[in-house]
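The values are calculated or read from the model by the stated rules, or taken from the named source; none is laboratory data. Bear in mind the structure is a predicted one, so any value in this text is a computation, not a measurement. No Cβ is skipped: glycine too gets one built from the backbone with ideal geometry, and neighbour counts run over all protein chains shown. To get the accessible areas, we keep the full protein, side chains included, count just its heavy atoms, and leave off ligands, DNA and RNA. Shrake-Rupley method; radii C 1.70, N 1.55, O 1.52, S 1.80 Å.
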Amino acid sequence: MFDVLLIGGGVSSMSCALVLGSAKNKAFATDKKIGVFTHQKSSSLQEAIFYNAYGIKPGKLGSELLTESTEHLAESYPHITQIPNEKVIKVAGSYPEFTVTTNKDSYKTKNIVVGIGSANTFDIEGLMQYIEPHKKALPEKQRIQLKNDDHKVADGIYVIGTLAGWRSQLDIAAGSGAAVATDILTLWNNGVQTHAHDSIR
């Protein structure tokens with residue numbers, strides 16, 4: 001049983017995973033089992049190049065970021081389970097016990113974070129009832145988002161990045177993922193507002 005499973009291997013999901021991973025020494029997070037589906041085949045980063053993203057060298061390819069982010073996560077936080085090459089096709093159950101089914105296996109989790117793109121090809125059974133038109137995308141692009149209140153779709157289900165209704169900017173997606181990570185840390189810390197900082201002090 002996972003405490004949280006992140007669906008998606010792009011910017012928002014990896015940002016969320018990194019913040020969750022960095023809390024590993026906090027008493028309320030030491031025993032938490034975290035997993036991330038790192039299926040990245042359809043990520044919009046595959047065709048991206050960055051000149052306007054904070055902290056990223058100009059000309060950096062999105063495809064490089066995808067590879068480097070999974071390596072970074074594995075090296076810095078090996079306690080997080082990376083599940084590559086599996087596509088989520090169904091979510092069933094309710095908080096605090098969901099079953100996430102992929103094209104290869106199924107997993108139990110208490111919480112789900114959905115961080116895949118906002119294309120109208122979204123087809124995860126069990127989440128389709130939350131789909132609505134994207135509020136910040138051009139209508140002709142036919143983008144979608146999941147209905148949410150500050151990233152929360154329902155008890156135990158969170159959405160991040162463009163699928164949460166944010167615009168398609170790397171910095172926005174990263175911030176969205178980090179925001180939900182701190183919400184989950186707060187949940188694990190019995191509702192006490194919580195975040196994780198790395199410090200040289």
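List of remarks:
- Filter pass, Lys41 being within 19 Å of the chain's Cα centre (by Cα) and exposed (fewer than 14 other Cβ atoms within 10 Å of the Cβ): yes
- When Leu127, Leu163 are checked against the criterion of being within 13 Å of the chain's Cα centre (by Cα) and closer than 23 Å to Asp3 by Cα, a single residue qualifies: Leu163.
- Selection from the range 130-157 of residues that are under 20 Å from Ala92 (Cα atoms), open to solvent by 20 Å² or more (accessible area, probe 1.4 Å) and within 15 Å of the chain's Cα centre (by Cα): Asn148, Lys152, Val153
- Residue within the range 37-44 that is under 19 Å from Leu163 (Cβ atoms), in a strand (DSSP E or B) and either touching a residue at least 40 places away in the same chain (Cβ under 8 Å) or hydrophobic (A, V, I, L, M, F, W, C) (or both) present: yes
- Verdict on Ala74 being aliphatic (A, V, I, L, M) and surrounded by fewer than 12 Cβ atoms within 10 Å (Cβ to Cβ): no
- The residue pairs whose first member lies in the range 1-24 and is of a type in the set (Asp, Glu), whose second member is modelled with pLDDT of 95 or more, and whose beta carbons are closer than 7 Å, counting only pairs six or more residues apart or on different chains, are Asp3/Lys32; Asp3/Lys33; Asp3/Ile34; Asp3/Lys110; Asp3/Asn111.
- Tyr107 vs. criteria modelled with pLDDT of 95 or more and hydroxyl-bearing (Ser, Thr, Tyr): yes
- When Thr186, Thr182 are checked against the criterion of being under 15 Å from Gly21 (Cα atoms), surrounded by fewer than 17 Cβ atoms within 10 Å (Cβ to Cβ) and at pLDDT 95 or above, Thr186 stands alone in meeting it.
- Qualifying positions in the range 117-146 - in contact (Cβ under 8 Å) with a residue 24 or more places away in the chain and charged (D, E, K, R): Asp123, Glu125, Lys135, Lys136, Arg143
- Residue in the range 159-171 that is in a strand (DSSP E or B) and of a type in the set (D, E, K, R) present: no
- Close pairs from the range 70-83: first without any contact (Cβ under 8 Å) to a residue 12 or more places away in the chain, partner open to solvent by 50 Å² or more (accessible area, probe 1.4 Å), Cβ under 7 Å, at least 6 apart: Ala74/Gln82
- Of all residues in the range 45-60, those that are part of a helix (DSSP H, G or I) and touching a helix residue (DSSP H, G or I) at 6+ places or on another chain (Cβ under 6 Å) total 2.
- Matching entry among Ser63, Ser22, Ser15 (being farther than 27 Å from Ile200 by Cα, open to solvent by 10 Å² or more (accessible area, probe 1.4 Å) and touching a helix residue (DSSP H, G or I) at 6+ places or on another chain (Cβ under 9 Å)): Ser63
- Of the residues Leu6, Leu45, the single one that is on the phi < 0 side of the Ramachandran plot and modelled with pLDDT under 95 is Leu45.
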